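The values are calculated or read from the model by the stated rules, or taken from the named source; none is laboratory data. Predicted model, so just to flag it, every value in this text is computed and none were measured. FYI the Cβ positions are ideal-geometry reconstructions off the backbone, even for glycines, and counts take in every protein chain you see.
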Amino acid sequence: MVAAVGVAFILFALFLGPSITEAALGHGPNDFFPYSVNGNLKPVGPWARVPDVHIQRSDPITDETLPPPKGTKDTLLVLGADGALGRDELLRLLVGGRNSLLVALFATLIAMTVGMVLGGVAGYFGGVLDGAVSRLIEFVMAFPLLLFVIMIGSTAADHIDDYRLWGLLDKGMLSLILIIGVFTWFYPARIVRARVMELKEAEFVDASIMAGAGNWWIMRRHLFPHLVGPLVAVASIALATNILLEAGITFLGVGIKIPGTSWGTMLVQTWGSPLSPSSFNPELTTLWVTIFPTAAIILTVLAFNVLGESVRQAIDPMGAPA
């Protein structure tokens, strides 16, 4: 129950929180607040009130920064600014979390669908199909994912990311979804294959065959419904894993493009990437921009993992593999 409540709160915060928070604060996640950073471009910390001005004034002769006009109202940055651009860290965190969760969700749907179909076919029909699917699983498991991600990031990612599914996705999300989905289907496929090989020997399957039922009818009506429970448990754990994968792949240059954001993108903006790393300088940045997205990733992954483990134990209380 605690895990379920935690997941429900996370979903509410990430999908409804951005709109509610934006309406309450009166500004959006992409609004700039130049006066929220100092002369070294170091952002302000949590619960800071900054002038609600989106253009910084400067002296045309000395080029020194001028204070905001008199009477300028302040706006509240609950978690401070996100970096040198001076955007709202809280709103970026909520929107970024929603994007990270959407990437993980769609990638999990792809992985579970492909895994269920291929695993079901391999387990039920056996023979050549089982051998072909098993070899394909081994190939995907041994494939160097990181090299593939780097290749996609330098070649095809820009073309793939132009497709945004009628505005549902930010630019950069589609490539992440496809990469994660294509390289994570093998685990549910192995689970489905093993379970189907066990179920096809059951008496109700023999009775259906004697009654003249076809193979696809048996799989659709008898076998796949028995897989719902184990797959729900696997999907919740896979969703948590895919959130971590999104952050990791973003560090390799494949990910959501500006002005979009995700939890991985927020960390990259602070620490750079392996090809262009950034060292921490306390005079230029603050640890808050790392602590908040990191804590959000940890809590979300923990909540989904605990929920998945709870579902697995409810389905299989004896502790046998699902």
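From Leu41, Leu94, which residue is of a type in the set (A, V, I, L, M, F, W, C), on the phi > 0 side of the Ramachandran plot and either surrounded by fewer than 18 Cβ atoms within 10 Å (Cβ to Cβ) or in the same structural domain as Gly264 (by TED's automatic domain parsing) (or both)?
Values: Leu94 fails: on the phi > 0 side of the Ramachandran plot.
Checking each option against the conditions leaves just Leu41.
Quick one: is Phe139 surrounded by fewer than 17 Cβ atoms within 10 Å (Cβ to Cβ), out of contact with any helix residue (DSSP H, G or I) (no Cβ under 7 Å at 6 or more places or on another chain) and of a type in the set (Phe, Trp, Tyr)?
Numbers: surrounded by fewer than 17 Cβ atoms within 10 Å (Cβ to Cβ): yes; out of contact with any helix residue (DSSP H, G or I) (no Cβ under 7 Å at 6 or more places or on another chain): yes; of a type in the set (Phe, Trp, Tyr): yes.
So Phe139 passes the test.
Within the set of pairs 6 or more residues apart or between chains, which connect a residue that is under 13 Å from Leu299 (Cβ atoms) and part of a helix (DSSP H, G or I) inside the range 1-13 to a residue that is β-branched (Val, Ile, Thr) and modelled with pLDDT under 85 with Cβ atoms less than 8 Å apart?
As it stands, the answer is none, since no pair meets every condition given.
Check whether at least one residue in the range 116-130 is of a type outside the set (A, V, I, L, M), within 30 Å of Ile298 (Cα to Cα) and either part of a helix (DSSP H, G or I) or not assigned by TED's automatic domain parsing to the domain that holds Val182 (or both), and report yes or no.
Checking the range 116-130: not a single residue is of a type outside the set (A, V, I, L, M), within 30 Å of Ile298 (Cα to Cα) and either part of a helix (DSSP H, G or I) or not assigned by TED's automatic domain parsing to the domain that holds Val182 (or both).
Let's see how each residue does on (1) assigned by TED's automatic domain parsing to the domain that holds Ser100; (2) in a helix (DSSP H, G or I); (3) closer than 20 Å to Ser262 by Cα:
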residue	(1), (2), (3)
Val149	yes, yes, yes
Tyr163	yes, no, yes
Leu176	yes, yes, yes
Tyr187	yes, yes, no
Val205	yes, yes, no
Gly212	yes, no, no
Pro225	yes, yes, no
Val234	yes, yes, no
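Considering only residues of the range 44-83 that are among the aliphatic types (A, V, I, L, M), farther than 17 Å from Thr286 by Cα and out of contact with any Leu (no Cβ under 8 Å at 6 or more places or on another chain), which is surrounded by the fewest Cβ atoms within 10 Å (Cβ to Cβ)?
Ile61
Show the residue pairs that are 6+ apart or on different chains and have beta-carbon atoms under 7 Å apart, the first residue being within the range 199-211 and touching a residue at least 24 places away in the same chain (Cβ under 8 Å), the second being β-branched (Val, Ile, Thr) and surrounded by 13 or more Cβ atoms within 10 Å (Cβ to Cβ).
Close Cβ pairs satisfying both conditions: Leu199/Val205.
If you take the residues of the range 62-86 that are of a type outside the set (D, E, K, R) and assigned to a strand (DSSP E or B), which of them is nearest to Val44 (Cα to Cα)?
Step by step, filter the range 62-86, then rank; the result is Ala81.
Residues in the range 28-83 that are touching a residue at least 24 places away in the same chain (Cβ under 8 Å) and more than 27 Å from Thr290 (Cβ to Cβ): how many?
Counting residues in the range 28-83 that are touching a residue at least 24 places away in the same chain (Cβ under 8 Å) and more than 27 Å from Thr290 (Cβ to Cβ) gives 1.
Just checking, which of Pro29, Pro46 is outside the structural domain of Arg195 (by TED's automatic domain parsing), modelled with pLDDT under 95 and farther than 28 Å from Val182 by Cα?
Working: Pro46 fails: modelled with pLDDT under 95.
Result: Pro29 is the single residue among Pro29, Pro46 that is outside the structural domain of Arg195 (by TED's automatic domain parsing), modelled with pLDDT under 95 and farther than 28 Å from Val182 by Cα.
Quick check on my filter: what residues within the range 236-274 are touching a residue at least 24 places away in the same chain (Cβ under 8 Å), closer than 24 Å to Trp288 by Cα and part of a loop (DSSP other than H, G, I, E, B)?
Of everything in the range 236-274, those that are touching a residue at least 24 places away in the same chain (Cβ under 8 Å), closer than 24 Å to Trp288 by Cα and part of a loop (DSSP other than H, G, I, E, B) turn out to be Leu252, Gly253, Gly255, Ile256, Lys257, Pro259, Gly260, Thr261, Ser262.
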